[in-house]
Amino acid sequence: VRTCHYPNDPRFLELVDEYGFYVISEANIESHDMGFGPNSLAKDPAWGPAHLDRVRNMLELLKNHPSIIIW
C-alpha cells in the first residue's frame, strides 16, 4: 500500500500491521506541478528545513510499525 504523501489515521497502520500488508510511507511533501527545473521546491534551499522536518516527523511517528518496508 502506498500512502501518497499524507499522514494516515493511526488505525490504518494498526490494521496493516495486524493483517500483514506492506506499506510504502511517504512524507507529507506534495509538490506535483512544481516541475523539476531550477525553480522546484526541492532545489530551493529555503525549503530544506521544512522538508527535513516533515521527514523526521514521519520517521518518529511511524518507526515502530513493522508493516512499513519503504520510507
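A compact table of results
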| quantity | calculated |
| --- | --- |
| Cβ-Cβ under 6 Å pairs, at least 6 apart or on other chains, segment 5-24 side farther than 11 Å from HIS65 by Cβ and touching a residue at least 40 places away in the same chain (Cβ under 8 Å), far side surrounded by fewer than 12 Cβ atoms within 10 Å (Cβ to Cβ) and not hydrophobic (A, V, I, L, M, F, W, C) | ILE24/ARG2 |
| Test set (1) surrounded by 12 or more Cβ atoms within 10 Å (Cβ to Cβ); (2) small (Gly, Ala, Ser); (3) part of a helix (DSSP H, G or I) - ALA27 fails condition number | (3) |
| Subset of segment 30-47 that is among the polar types (S, T, N, Q) and exposed (fewer than 13 other Cβ atoms within 10 Å of the Cβ) - its residue that is nearest to SER67 (Cα to Cα) | SER40 |
| Which numbered condition LEU13 fails, given (1) of a type outside the set (D, E, K, R); (2) in a loop (DSSP other than H, G, I, E, B); (3) modelled with pLDDT of 80 or more; (4) surrounded by 12 or more Cβ atoms within 10 Å (Cβ to Cβ) | (2) |
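Residue by residue, here is whether (1) more than 11 Å from the chain's Cα centre (by Cα); (2) surrounded by fewer than 13 Cβ atoms within 10 Å (Cβ to Cβ); (3) aliphatic (A, V, I, L, M) holds:
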{"position": "ARG2", "(1), (2), (3)": "no, yes, no"}
{"position": "PRO7", "(1), (2), (3)": "no, no, no"}
{"position": "TYR19", "(1), (2), (3)": "yes, yes, no"}
{"position": "PRO49", "(1), (2), (3)": "yes, yes, no"}
{"position": "ARG54", "(1), (2), (3)": "no, no, no"}
{"position": "PRO66", "(1), (2), (3)": "yes, yes, no"}
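The values are calculated or read from the model by the stated rules, or taken from the named source; none is laboratory data. Source: prediction; values computed, not measured. Cβ sites come from the backbone with ideal geometry, for glycine too, and all protein chains shown count toward neighbours.
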